[in-house]
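Comments concern the structure below.
The values are calculated or read from the model by the stated rules, or taken from the named source; none is laboratory data. Since we're looking at a predicted model, the values are computed, not measured. Here Cβ is always computed from backbone atoms with ideal geometry, including for glycine, and neighbour counts include all displayed protein chains.
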Amino acid sequence: MDSFTPSTNPVLSSVGLSALVALLPLLTFFFLLAFAKTRAYVAGAWALLVALAVGVFGFGMPLGLALLSATQGAAFGLFPVVWIIVMAVWLYQVTVLSGRFEDLRRVFDAIGGGDLRVQAILVAFCFGGLLEALAGFGAPVAITVTMLLALGIAPIRAATAVLVANTAPVAFGALAIPITTAANLTNYTGEEIGAVVGRQTPVLALFVPLILLFILDGRRGLRDCWPVALFTGVVFSVFQFLCSNYFSYELTDIVASLVAMLAAVGFLRFWRPRHGAEADQRMKAELAQARADGWTPAGSGAAAAVQTSADDAAEDRLTASRAWMALFPYVAVIVIFGFVNLWTLGIDVPAALARTTIEVPWPVLHEALLDTNGQTQSSTIYSFEWLISPGTLLLITGLIVAVVYSRFNEHGRYPLSLGAAVREIWTTAVRMRSAALTILGVLALAYVMNFSGQTVSIGTWLAATGGFFAFLSPVLGWIGTAVTGSDTSANALFAKLQQTAGIEAGLDPHLLVAANTGGGVMGKLISPQNLAIGAAAVNMSGQESVLLRKVIGWSVLLLLALCILVYLQSTPVLEWMLP
């Protein structure tokens, strides 16, 4: 097969026209999802066809290579992305089948001051941030949205809150892999990029808990609970800044999330939210209405009849041992992910496990897709991380949890066998097939756009705006993450472009590379992959368009705030904020 080198201006030798043509697949997808209200996997399939047509007829990519690009994207979508999501939901199901999830609800009820809104913030923002730091790839959304359901939050409201909460930690997610990726592509250090990101995204993260309050309970929630929400946001932001600049950018979200959680719990010892009982009644009524309208939870027993500690019988009262067993799955997640990613004493565990990764040059595509220097591209090598994938680690965690739960079953109160837990894997996979189809289609679309040159053409067009590019640079990361579902992928697409554009426009390239990462944080909110995960976790696959309409306003608002911040940081007005 003939080789192919992507070009940024194949349409009438114009970058602008080429970029406008390249936007057609994205416009197709979002139009079908937001306005035509088609199912997400249908929108993804049509957008993929448009991307293939644009790649072949507009960008001159051979049809065979375009189809092979789609297969590599679908393979990446299946493993690790779908694998991670299925395992995350399955781990939750293990806790549900065991009966331990009600005890976890009681734990958050105790530390959340008995207020459902505060509990939701602790779960979605603090605990979700910790999961994002350790796992990423949609696992935090899949786990925390089901936790909010079990606490008593209605499905759409729970999914919306979790999606918004997942913005704050994304830049430093998965041990800051997005920043490390950007550093590798630009020959900067991770510390350099992380320090600038740590002076941008914390400014927005500060307000996220307040936004969550508004999503959960409107203006009443803000009036009743704003002190603890603001305090949690401030602590998270301060430690995100301090850790990224002065300690370790890889551990930023772990430190910020844990300290924010502990700080919020300590704050609640001296301050209590108002009108918590009334808010609980409103939210439980909304969940009951959703059930009356035909909604049912995903999986066995999930989000069963929700009650607060005030409703518990004497035998339901939480004990220390039951609290520990309820928290055990998530402690196990932290320990296992932390060991695999951080342990270097005696043996370098991350390096040792990294050697188990199988690198597969994608057949034909790897040899045929060349860069402008005539060299093959590393992006056409598929990495099969069968052992260190977050999905595999979640499987190992789930099996350990199932064994522990089956062995420590106080008085037969928590029945669970290892066989029943393993059988639930297939049940979970079948239930999430629509979400899986969506993810495969979206990743196939992203790879076709990337390999044919469509994505870079859009970026090059935006970079031609000169000094004003400082305002627009976060938009590139926003687009990249919205399409691929990954801030890491957005940096892989645009980090080098941001650096080059910054040098040519006389702007600080560190600032623009960091802005790409920050923009990706906001793009995560409307990523079809994340929308599909959220919808599947609340058993509403096919209604991703409803979630999109709920969150797109917040995504655009936060993006606009970041654009203004980055632009001002490129001028003497806020230049002092940069290292």
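Summary table below
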{"item": "Failed condition for Val573, given (1) part of a helix (DSSP H, G or I); (2) over 26 Å from Ala165 (Cβ atoms); (3) without any contact (Cβ under 8 Å) to a residue 60 or more places away in the chain", "result": "(1)"}
{"item": "Identity of the residue in segment 62-92, among the β-branched types (Val, Ile, Thr) and within 19 Å of Gly44 (Cα to Cα), that ends up surrounded by the most Cβ atoms within 10 Å (Cβ to Cβ)", "result": "Ile85"}
{"item": "Selected residue (only one of Ala174, Ala161, Ala195, Ala168 is touching a residue at least 24 places away in the same chain (Cβ under 8 Å), part of a loop (DSSP other than H, G, I, E, B) and not polar (S, T, N, Q))", "result": "Ala168"}
{"item": "Among residues of segment 21-66, those that are of a type outside the set (D, E, K, R) and on the phi > 0 side of the Ramachandran plot, counted", "result": "1"}
{"item": "Residue count, segment 16-59 (criterion: touching a Gly at 6+ places or on another chain (Cβ under 7 Å), among the small types (Gly, Ala, Ser) and surrounded by fewer than 24 Cβ atoms within 10 Å (Cβ to Cβ))", "result": "1"}
{"item": "Filter result for Leu67 (without any contact (Cβ under 8 Å) to a residue 24 or more places away in the chain and over 21 Å from the mean Cα position of the chain (by Cα))", "result": "yes"}
{"item": "Any hit, segment 334-356, residues being part of a loop (DSSP other than H, G, I, E, B), of a type outside the set (A, V, I, L, M, F, W, C) and in contact (Cβ under 8 Å) with a residue 24 or more places away in the chain", "result": "yes"}
{"item": "Filtered residues of segment 97-130 (kept if at pLDDT 80 or above and of a type in the set (A, V, I, L, M, F, W, C))", "result": "Leu97, Leu116, Val118, Ala120, Ile121, Leu122, Val123, Ala124, Phe125, Cys126, Phe127, Leu130"}
{"item": "Where Arg223 falls short, out of the listed (1) more than 21 Å from the chain's Cα centre (by Cα); (2) part of a loop (DSSP other than H, G, I, E, B)", "result": "(2)"}
{"item": "Pick from segment 490-510, criterion in contact with an Asp or Glu (Cβ under 9 Å, 6 or more places away or on another chain) and assigned to a helix (DSSP H, G or I), ranking: surrounded by the most Cβ atoms within 10 Å (Cβ to Cβ)", "result": "Gly502"}
{"item": "Some residue of segment 275-291 being at positive phi, modelled with pLDDT of 80 or more, out of contact with any strand residue (DSSP E or B) (no Cβ under 7 Å at 6 or more places or on another chain) and not in a helix (DSSP H, G or I)", "result": "yes"}
{"item": "Residue list for segment 514-552, restricted to those being touching a Lys or Arg at 6+ places or on another chain (Cβ under 9 Å) and part of a helix (DSSP H, G or I)", "result": "Ala514, Asn530, Ala536, Glu544, Ser545, Val546, Lys550"}
{"item": "Filter result for the condition that a residue is assigned to a helix (DSSP H, G or I) and either at pLDDT below 90 or buried (at least 20 other Cβ atoms within 10 Å of the Cβ) (or both), over Val456, Val403", "result": "Val456"}
{"item": "Qualifying position, being at pLDDT 90 or above, over 17 Å from Pro169 (Cα atoms) and surrounded by fewer than 24 Cβ atoms within 10 Å (Cβ to Cβ), among Val546, Val556, Val513", "result": "Val556"}
{"item": "Cross-chain or 6+ apart pairs with Cβ under 9 Å, segment 393-404 first and over 12 Å from Ala420 (Cα atoms) and in contact (Cβ under 8 Å) with a residue 60 or more places away in the chain, then outside any helix (DSSP H, G or I) and aliphatic (A, V, I, L, M)", "result": "Leu393/Ala135; Leu393/Leu387; Leu394/Ala135"}
{"item": "Residue in segment 200-211 that is buried (at least 24 other Cβ atoms within 10 Å of the Cβ), under 25 Å from Ala277 (Cβ atoms) and more than 16 Å from the chain's Cα centre (by Cα) present", "result": "yes"}
